[in-house]
């Protein structure tokens, strides 16, 4: 289906629903509930446009949110810092090169802290494995035409299949370079976290592969940045108790999932922190609903 037709269908279906949520007062009630229950709103992006990211920042500022860093979050959870008014944490997954002009520059302009979770292998190579899948569909083996197909198989098999695709297709650099990552990490508004080495679904890694993905990524990032890397985000959001064993082994303080929801300082697991996803192909009305968490809750009722 043509991308413009998908966008049109999405707009016609979802935009009116998002507007109803806003006009009916559901967004306001969700915001007041977060304040009364002292919840921390946690949102994440991947590769947003500058327009989308700045619109989100301006809306959140207008509504009275207080932007916090991951270091602030640790202090709040450990009760070493009081909870500010409507605290909100912003994270980004994958460390796309476009995050520099579209996110980093906006964050500095508005004095907003952000945490970027970087897969060290992609920072070195410049590429993400799913780009080879998307570009090399006609060279894929039967049953492996979509990115989701590669997320369901053992990590060793996935890597082998992607390596075969690399013989047929070329992908331009999409990730930040090492020098770019080092440069932005020096900003007081930027924290760098780990997103593994190769961005696998960790639940499909062997013990040896998982130890490498969680441990080596931390070691590599710390070598580049010259500072401790304390935070982790699960690629694709998949995780299990085995992941936590290795996160503890390498002294990570927090790990973030893709499970929608806020963070409750009175009831949380440091390795299962929730986040609300902000998407580039949704209308701003939909993303407002996503930021406060009501969009995800609505659709969970029917899943």
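Nothing in this text is a laboratory measurement; each read-out follows from the coordinates by a stated rule. Keep in mind it's a predicted model, so treat the numbers as computed, not measured. Cβ placement follows ideal geometry from the backbone for every residue including glycine, while neighbour counts extend to all protein chains displayed.
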Which of the three applies to the range 126-166, rounded, prolate or oblate, going by the alpha-carbon gyration tensor with a ≥ b ≥ c and a/c under 1.5 meaning rounded?
rounded
Taking 0.36 nm per intervening residue step and subtracting the Cα-Cα distance, what contour gain separates residue 61 from residue 242 on full extension?
61.3 nm
Could you work out how far apart the two model spin labels at residue 13 and residue 177 are, taking each label as a point 7 Å from the Cα in the direction of the beta carbon, and quote it in nm?
4.2
Please order 15, 199, 85 by the number of other Cβ within 10 Å, starting at the fewest.
85, 15, 199
Given N residues in the range 232-303, what is its alpha carbon radius of gyration divided by 2.2 N^0.38 Å?
1.25
For the chain: rounded, prolate or oblate by the Cα gyration tensor [a/c cutoff 1.5]
oblate
From DSSP H assignment alone, runs of 4+ in the chain each adding -39500 (n - 2.57), the sum over residues rounded to the nearest 500 puts [θ] at 222 nm at -13500 deg cm²/dmol
If you count the DSSP beta bridges with both ends in the chain, what percent of them are antiparallel, to the nearest 5?
10
Cβ density ranking, 10 Å radius, fewest first, applied to 114, 245 yields 245, 114
Can you pull the three principal axis extents for the Cα set of the range 181-283, in Å, largest first?
37, 35, 33
Which one, 122, 185, 206, has the greatest fluctuation when you compute a Gaussian network model over the chain with C-alpha springs under 10 angstrom?
206
With R₀ set to 35 angstrom, the calculated FRET efficiency between the beta-carbons of residue 51 and residue 267, to the nearest 0.05, is 0.45
Order of 17, 165, 92 - criterion: other Cβ atoms within 10 Å of each residue's Cβ, fewest first
17, 165, 92
